[in-house]
Amino acid sequence: MFLQNKNILLGVTGGIAAYKTAELVRRLKEQGANVRVVMTKGGKAFITPLTLQAVSGNPVADSLLDPAAEAAMGHIELAKWADLVLIAPASANTLARLAGGFADDLLATICLATAAPLAIAPAMNQQMWHALPTQDNMATLRKRNVIVWGPGAGEQACGDVGYGRMLEPLQLVGLAKEYFQQTAENEAKNLPLDNQHWVVTAGPTREAIDPVRYISNHSSGKMGYAIADAAAKAGAKVTIISGPVNLPTPNHCDRVNVQSAQQMHAMAMGLAPKADVFVACAAVADYRVRDVVDQKIKKSADTMQIELVKNPDIVADVAALTDRPFTVGFAAETQDVEHYAKGKLARKNLDMIAANNVALQTQGFNSDDNALTVYWPEGSKELPLTNKKALAVDLVKTIADKLMTK
């Protein structure tokens, strides 16, 4: 899900492989990407703009100076919008024009005007691909850090066999996902977290009722472990205080296993005074059983009463330390998310709180995806729905930015 909410500008140029772009757009949107399409005159000869408008859900652009575009400067508007410009198919003519720095149509002008990375998926006859001018143009584009995906080899529409086929839509989607994943990981490595110690709580707690029963919740620990992994990749020393989860320990992280809220509290209070950042991501049980029974409770009466007592508030107690770390809480809510999150931020004297709506089935507990709204006393930031690993990188970056200004 590294394509979630990414803005992909797809350039479609002249070539028989253009018929595959409808499938490419559909597959990109399946992964959560926003797709806009720009077509050249040659591209429109092979597939209609109406088809690509229907599958993308956006108007198709093809005019350099479109009076309907913002300030009649559509190339600037689209160039700023894109997170990635992907030209598929990229014809031999297109490669030559890109290498020459042409700006005589909308797509070529966008490629000059954008700060976004440019990826190309070449598609042409095998002899055209191997031709010296084409290879010279490819060498020029590679020197300019243009990303090249393909071409593949196989039978071509003309009957020739060899390199020149555009990669299949699913292959291009996979490569786009890998690109954004690698970009996110590289950004994490560049964060200024060297020599910092982060303590992250993760997973649920289990509050015993008797030797075989307990009270718990649906937390999988995935968000906390993703945060720990992102912080470690950014150079921090990371300790995970983990409730019972079925997850491997991320590389370069220390892990301490606990069961109950009291055990997690004791471990947190021991580690937090020596930490730079404390992230309370665990879903800690608010209450525990007052009197845990030594033997299994037998089913007898139709009803049973269990008296509960409040557990210690881990993140509030860490925030109350005299020499406290930068303290980040989590608010997993099912309603009035902003109201409750801001209330916890102030009441518990936190530096930051990350709130999410766990009532939504597409995110939160036991999901691979999540979305957060991060609040601090002076402001807030939306981290949109995406894979938890990508979201963790964004959250760690947000924490790092606040640490630098603290």
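Key figures
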read-out: Of residues in segment 92-138 being modelled with pLDDT of 95 or more and hydroxyl-bearing (Ser, Thr, Tyr), the one farthest from residue 173 (Cα to Cα); value: 134
read-out: Yes/no for residue 293 being of a type in the set (A, V, I, L, M, F, W, C), open to solvent by 40 Å² or more (accessible area, probe 1.4 Å) and in contact with an Asp or Glu (Cβ under 7 Å, 6 or more places away or on another chain); value: yes
read-out: Residue, farthest from residue 157 (Cα to Cα), within segment 1-18, restricted to residues that are outside any loop (DSSP other than H, G, I, E, B) and small (Gly, Ala, Ser); value: 11
read-out: Some residue of segment 86-102 being in contact with a strand residue (DSSP E or B) (Cβ under 6 Å, 6 or more places away or on another chain), in a helix (DSSP H, G or I), more than 21 Å from residue 179 (Cβ to Cβ) and open to solvent by 20 Å² or more (accessible area, probe 1.4 Å); value: no
read-out: Residue pairs meeting the criteria (Cβ under 6 Å; at least 6 apart or on separate chains; first acidic (Asp, Glu), in segment 130-155; second open to solvent by 40 Å² or more (accessible area, probe 1.4 Å)); value: 155/161
read-out: Top-ranked residue in segment 242-263 [being outside any strand (DSSP E or B) and of a type in the set (A, V, I, L, M, F, W, C); ranked as nearest to residue 226 (Cα to Cα)]; value: 247
read-out: Qualifying positions in segment 315-360 - within 19 Å of residue 392 (Cβ to Cβ) and aromatic (Phe, Trp, Tyr); value: 326, 330
read-out: Residue match in segment 187-208 (condition: under 30 Å from residue 310 (Cα atoms) and open to solvent by 70 Å² or more (accessible area, probe 1.4 Å)); value: yes
read-out: Matching option when the condition is modelled with pLDDT of 95 or more, open to solvent by 60 Å² or more (accessible area, probe 1.4 Å) and not β-branched (Val, Ile, Thr), among 65, 28, 50, 10; value: 50
read-out: Selection within segment 35-47 - open to solvent by 40 Å² or more (accessible area, probe 1.4 Å) and within 32 Å of the chain's Cα centre (by Cα); value: 36
read-out: Candidate set from segment 245-262 (those that are open to solvent by less than 30 Å² (accessible area, probe 1.4 Å) and not hydrophobic (A, V, I, L, M, F, W, C)); member that is nearest to residue 314 (Cα to Cα); value: 260
read-out: Qualifying residue in segment 121-128 (condition: of a type in the set (A, V, I, L, M), without any contact (Cβ under 8 Å) to a residue 12 or more places away in the chain and open to solvent by 20 Å² or more (accessible area, probe 1.4 Å)); value: no
read-out: Residue among 279, 328, 309, 315 that alone is at pLDDT 95 or above and part of a helix (DSSP H, G or I); value: 315
read-out: When residues of segment 213-228 are limited to those that are touching an Asp or Glu at 6+ places or on another chain (Cβ under 8 Å) and not in a loop (DSSP other than H, G, I, E, B), the one surrounded by the most Cβ atoms within 10 Å (Cβ to Cβ); value: 222
read-out: Residue in segment 157-174 that is open to solvent by 40 Å² or more (accessible area, probe 1.4 Å), at pLDDT below 90, hydroxyl-bearing (Ser, Thr, Tyr) and more than 30 Å from residue 371 (Cα to Cα) present; value: yes
read-out: Tabulated pairs, segment 379-406, first part of a helix (DSSP H, G or I), second hydroxyl-bearing (Ser, Thr, Tyr), C-beta under 9 angstrom, 6+ apart or interchain; value: 388/225; 388/367; 392/225; 394/386
read-out: Pairs with Cβ under 8 Å, 6+ apart, first in segment 342-356 and part of a strand (DSSP E or B), second polar (S, T, N, Q) and open to solvent by less than 40 Å² (accessible area, probe 1.4 Å); value: 352/327; 352/398; 354/373; 355/373; 356/363; 356/370; 356/373
read-out: Residue match in segment 346-368 (condition: open to solvent by 30 Å² or more (accessible area, probe 1.4 Å), of a type in the set (Lys, Arg) and more than 24 Å from residue 288 (Cβ to Cβ)); value: no
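Let's see how each residue does on (1) under 20 Å from the mean Cα position of the chain (by Cα); (2) in contact (Cβ under 8 Å) with a residue 40 or more places away in the chain:
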residue: 159; (1), (2): no, no
residue: 163; (1), (2): no, no
residue: 168; (1), (2): no, yes
residue: 172; (1), (2): yes, yes
residue: 183; (1), (2): yes, no
residue: 194; (1), (2): no, yes
residue: 200; (1), (2): yes, yes
residue: 205; (1), (2): no, yes
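The values are calculated or read from the model by the stated rules, or taken from the named source; none is laboratory data. Not measured: the values here are computed from a predicted model. Heads up, the Cβs are rebuilt from the backbone with ideal geometry, glycines too, and the neighbour counts pull from every protein chain shown. Remember, those area values only see protein heavy atoms, side chains included, never the ligands or the DNA or RNA. Shrake-Rupley method; radii C 1.70, N 1.55, O 1.52, S 1.80 Å.
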